[in-house]
Amino acid sequence: MQVEKPAKGIDFPALEKEMLKKWDNENIFQRSILERPENKKYNFYDGPPFATGLPHFGHFVPSSIKDAFPRYFTMQGNRVERRFGWDCHGVPVELLVQKELGLNGKLDIENFGIAKFNQACRASVDRYTKEWRNYIRRLGRWVDMENEYRTMDTPFMESVWHALKTLYDKGFIYESKFVVSYSVALGTTLSNFEASLDYRDVQDPSLTIKAKLKGKHAGKSLLVWTTTPWTLPANLAIAIDGKGIYAEVHDNASNESFYILKNRVSAYWPNEDNYKIVREFLGKELENTSYEPFFSSWVESAGENAFKVYATNYVLHDTGTGAVHTAPAFGEDDFNAAKHYGLPVLDHLDTNGKFKEGNPAELVGLDFKAADKPIIVDLKKRGFVFKHETFVHSYPHCYRSGLPLMYRAVPSWFVKIEENKELLLKMNSQINWMPDHIKTGRFGKWLENARDWNIGRSRYWGNPIPIWKNTETGEEMCIGSVAELQQYTDKTITDIHMEFIDDIVIPSKKHLGTYLTRVPFVLDCWFESGSMPYAQHHYPFERSEEFKDLFPADFICEGLDQTRGWFYTLTLLSGLLFEKPAFKNVVVNGLILAEDGRKMSKSLKNYPDPMATLDEFGADSVRLFLLSSPATVAEEVRFSVDGVKESTRRVLLPLWNAYSFFATYASIDNWDPTKDSVKSTNSLDKWILLRLNELVKNIDEAMNSYQIAKVAPTLIEFFDDLNNWYIRRSRRRFWSSNKEAYSTLYEVLLQATQILAPFAPFAAEYFFGKLALTDELKNVGSVHLSLLPKYCELNAEEQVLLKEVAIARRTVELGRTIRVSHKLKNRQPLKKLTVGVLSKEYGEQILKMKSVICEELNVKDVSITYDPSELAKIIVKPNFKVLGKSLGDKIKDLQLLLNDISQDNATKALRKETIQIKDFTLKPEHVLVELRPSGSNLVATDAELVAALDPTMTEELRFEGIARELVSLIQKARKSADFNVEDKIYLQLKTSNALAQAINSNKEYIEDETLSKIVEEIDGQLEFTTELDCEGEKVSLAMKLI
């Protein structure tokens, strides 16, 4: 089949919509899975987004990465199933529904009815699925959204129950009361990784109060420091360091005596004239000393051990006073001290963080943080405040509500992580992280410091913790399946949310006549998303045998924040359940910022509409921009429309230009790949095919090492080689209908289109369709159903050819640098280029490519010198990175010696030989060598080459330069006249005598380049006329088709 003539231009966004129709109509995505063998699976897990929000720019990066790898491995012959999922449970859904129903807190929800509330949550889950489908489809991402998994569906929930029961049976699940992060807005605890998601700098009180001592220390006060005044009504003790040295300080201004850690005296009394240290003593002297309670509200219920000073091991010496206020319900150290000293865990707040009845009347009903101010005012009135300041520090906030968290002692259920830490670290060691520093850095450090996982949530819309318990006898049972629970009820269980199962009681097996009821918690929704590798398949209730081929994932991808979220819970659960990682390779992406560097904000309107951006610039360009950005290695990237345009300019347009050139001439010559394809013996053809082979290798290496950021630069470099070297240097061969050139360019375009497909799937599909001219290719049906080309090892001859062209191009670049820096027009021929090289190999390669270099640089001759110092000075410097530690101060002496290095040693250094400079033996890695132009100004250098242009001008050279300039002007005039590239013309040129000489002496060259016959006068009607300016001379031009 012959090549069709290309359109005059290309609209990438428009062609993308056509490709979407093709994919839909021909079921290309489904076929890409079904047409691959079942025994060659590549597993991808898709992290479930919350179902409560619209897709946005933040999803562009992971979606592009998640699409590129499955496409690539599909085209490597693998069967890559990818299934979309929804995180349906948890606080995000509840908060949305609470707001819509006008419910304020847990009491309102319970009064409204848990069943009705959960039904409203269930109904809200599907509201944005249409928008998500449109977004995913328009971006070109292939993922199964028809057979999606949802964490709220009974099969998924049942698999989560099975996972929990497995952990329970292993002894990894336990109930306890610990101090954990607590969100008053949600009325529930958070896990340690959830608490770490939103730290903010805030202003808080820094309050130092007087603990008025009793007994033998009566009349003196122990200074106590706190930053949480709202906990002072629940104070039950003061902690000190029994081994610390304390001081009794007499304050001259107040005439009072205070106890304080000795090394903190100067922090409170910076002026020595204002105080006197009466004595020093060990902290243990104050042990068991009673003090006057700061508030009397809870004295009666505090017990006999309360309001005393206790020695502990956690008091810091670099902040505060050496005496710490202790409220057992609101700090881990406080809680542990209370257990040790027999103190009650007094909690003076309700579940919403408000002061409850029993507190001072003026505090009842206040939010905990709002109580700081009235508490401080009251303490000042009663003479308890020694010093009141404010300070700024980083404090955790609820990542869902944005309100401050508190640390609070509450009962919950936990997974044992700390005792399994070594196992989890071993799991992490088997994972390939990209970027790799996260493995031992952010993620590894987080694992090393992992705490037991609090999985209980006092909420409603979630997967109920399937543990039934009798609180009086302590008997408990963990249920692991619907069938197991079905034994204890006559009703058929089809839904296992709490409103459907909480009425089920289980008779005790140990205590006749007693019953077990379900514990009042739902699971942390991160437990569910961490269970998705098996829960999405309803394992082990379905696909049990097949599961070994579906687990672990070969690849996953999410944002950097998931190192403490999904990546973390996947690793925990997989390690504890299966003793293997849940995934083998992970790409961690960074955050997309607005172009101004700030967070994308709807209120600030500092970013364009995502769908409008795709429609205006094309999804391929957006994908290429993001896939080549630092966001693919967990760094922030500013979204830039200019960056998107640059992707079009540097990847898609070069491919279009190459295809358009090929199709233009192939259609003119009726070239048909089914009849006219031949194997080329031309060295330029061989070279571009070798570069294509290198492209295959480089893309394979990047993708198999999950370094996707390397792909776009590799593509850009190749398309530059294709257009600006191969096609430009092959134009005449296409003009003469060279079958070798057509065959080569066709093969290159076809394979380059396949290689591009995972990254720019729309454009690749379009060009593949244009190039699928054989029956075999037509039967493939889509570029995404084809197999990627394979890399072929190079023989010696091929390696030499690549080196020859590489050294020639380096030489040409140096010559061009000289022309640019000295404003020498490329069209003006010059006499000679001299190249300084060190190796005979380089010299021979340059001379072998002499004709190419002459043509590229428009010079008449190329010569070689094996002494680069004739053209440039060799500069040798110490490599500080290598020598700095070993030489120390001596490196300065070496630097001075290298400033006066001999020419012989400098040349040896340039040749990468070991040199001896006095007492210093310097290997090649010890020094840095560069070439600096010397003598003539028309010199340029790189690390190993020096090039010099001879600017001597002759009349012959000047005339040739004018002719070349004129050719360029004529070609532009042909385009303005709308002549076809193959049209031959009569050309009439009228100008000055000086310019006429140049034309006459280069007449044949001008005619060949412009497909023209120069005549003095054109007969008949002229088809195009114009006035030109060539080298300051007027030229009257006329043209007519022959």
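A short reminder: the numbers here are calculations on the coordinates, not readings from a lab. All values reported here derive from a predicted model rather than from experimental measurement. Counting neighbours? That spans all protein chains shown, and the Cβs are built from the backbone with ideal geometry, glycine included.
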Per Stokes-Einstein, at 4 °C and 1.567 mPa s, what whole-number D in µm² s⁻¹ belongs to the range 859-921, with the Kirkwood radius over Cα pairs as the hydrodynamic radius? 97
Hydrodynamic radius by Kirkwood, which averages 1/r over all alpha carbon pairs of the range 814-950, in angstrom: 16.3
Student exercise, the chain dipole from Lys, Arg, Asp, Glu Cβ charges, in Debye to nearest 20: 1260
Name the residue farthest towards the positive end of the dipole of the range 202-395 from the options ASN352, VAL364, ALA237, assuming +1 on Cβ of Lys and Arg, -1 on Cβ of Asp and Glu, about the Cα centre. ALA237
Karplus couplings for the range 509-523 from phi (6.51 cos²θ - 1.76 cosθ + 1.60, θ = phi - 60°), rounded to Hz, Gly and Pro as x? 8, 9, 10, 4, x, 10, 9, 10, 10, 5, 5, x, 9, 10, 6
Which listed residue (VAL929, LEU887, LEU824) has the Cα farthest towards the positive end of the charge dipole for the range 814-950, taking +1 on Lys and Arg C-beta and -1 on Asp and Glu C-beta about the Cα centre? LEU824
Given the chain, what percent of its DSSP beta bridges are antiparallel, to the nearest 5? 75
List, in the order given, every pair from LYS165/LYS416; LYS770/LYS972; LYS890/LYS923 whose Cα-Cα distance in the structure shown is over 20 Å. LYS770/LYS972
Calculate the dipole size of the range 955-1041 relative to its Cα centre from +1 charges on Lys and Arg beta carbons and -1 charges on Asp and Glu beta carbons; express the result in debye to the nearest 20. 160
Across the Cα atoms of the range 526-643, what radius of gyration and what greatest pairwise Cα-Cα distance (Dmax) are found, in Å? 18.3, 53
In sequence order, what are the phi-derived ³J(HN,Hα) couplings for the range 105-114 according to the Karplus relation 6.51 cos²θ - 1.76 cosθ + 1.60 with θ = phi - 60°, rounded to whole Hz, with x for glycine and proline? x, 5, 4, 4, 5, 5, 5, 5, x, 4
Percentage, to the nearest whole number, of Cα pairs in the range 115-244 over 20 Å apart: 75
Quick one: putting +1 on the C-beta of Lys and Arg, -1 on the C-beta of Asp and Glu, what dipole do you get for the range 814-950 around its Cα centre, in Debye to the nearest 20? 440
Using Cα positions and a limit of under 14 Å, work out the aspartates and glutamates in reach of LYS1003, with same-chain residues fewer than 8 apart set aside. GLU956, GLU960, GLU965, GLU1016
Using a cut-off of 13 Å between alpha-carbon atoms, which aspartates and glutamates can reach LYS739, once sequence neighbours fewer than 8 places away in the same chain are excluded? ASP669, ASP672, ASP676, ASP685, GLU747
Descending packing, highest mean Cβ count within 10 Å first, for 883-894, 552-563, 678-689 is 552-563, 678-689, 883-894
Of the residues ILE1014, ALA998, ILE985, the Cα lying farthest along the dipole of the range 955-1041 towards its positive end, which is defined by charges on the beta carbon of Lys, Arg, Asp and Glu, belongs to ILE985
Work out the P(r) tail for the chain: percent of alpha carbon pairs separated by more than 46 Å, whole number. 52
List the residues whose amide H sits under 5 Å from the amide H of ILE985, counting only those 5 or more places along or on another chain, with H placed 1.01 Å from N in the peptide plane. SER1012, LYS1013, ILE1042
Residues whose built amide H sits under 5 Å from the amide H of ARG638, excluding neighbours closer than 5 in sequence, are LEU593
Per the helix-only calculation at 222 nm, which mean residue ellipticity applies to the chain, given -39500 (n - 2.57) for every DSSP H run of n ≥ 4 and division by its residues, nearest 500 deg cm²/dmol? -11500 deg cm²/dmol
Scaled by the rule-of-thumb 2.2 N^0.38 Å, the alpha carbon Rg for the range 202-395 gives a ratio of 0.99
In sequence order, what are the phi-derived ³J(HN,Hα) couplings for the range 630-635 according to the Karplus relation 6.51 cos²θ - 1.76 cosθ + 1.60 with θ = phi - 60°, rounded to whole Hz, with x for glycine and proline? x, 4, 6, 10, 6, 10
Past the 28 Å Cα-Cα mark, which pairs from LYS177/LYS369; LYS885/LYS912; LYS697/LYS885? LYS697/LYS885
In square nanometres and to one decimal, what's the mean projected area of the convex hull around the Cα atoms of the range 955-1041? 5.0
Less than 16 Å from a label point 7 Å out along the Cα-to-Cβ axis of THR921: which backbone N atoms in the range 868-905 qualify, by residue? 887
Under a 5 Å amide H to amide H cut-off, with H placed in plane at 1.01 Å, what residues pair with GLU256 once short-range neighbours are removed? ASP251
Quickly rank 88-94, 53-59 as a protection proxy: mean count of other C-beta atoms within 10 Å, highest first. 88-94, 53-59
Looking at this model, which pairs from LYS170/LYS509; LYS8/LYS831; LYS5/LYS710; LYS212/LYS354; LYS17/LYS580; LYS848/LYS918 are more than 32 angstrom apart at the alpha-carbon? LYS8/LYS831; LYS5/LYS710; LYS17/LYS580; LYS848/LYS918
On a straight-distance basis, which aspartates and glutamates could pair with LYS877 in a cross-link, Cα separation under 17 angstrom, same-chain partners fewer than 8 positions away excluded? ASP889, ASP893, ASP900, ASP904, GLU913, ASP919, GLU925, GLU930, ASP942, GLU944
For an R0 of 56 angstrom, estimate the FRET efficiency from the Cβ-Cβ distance between GLU1017 and LEU794 and round to the nearest 0.05. 0.45
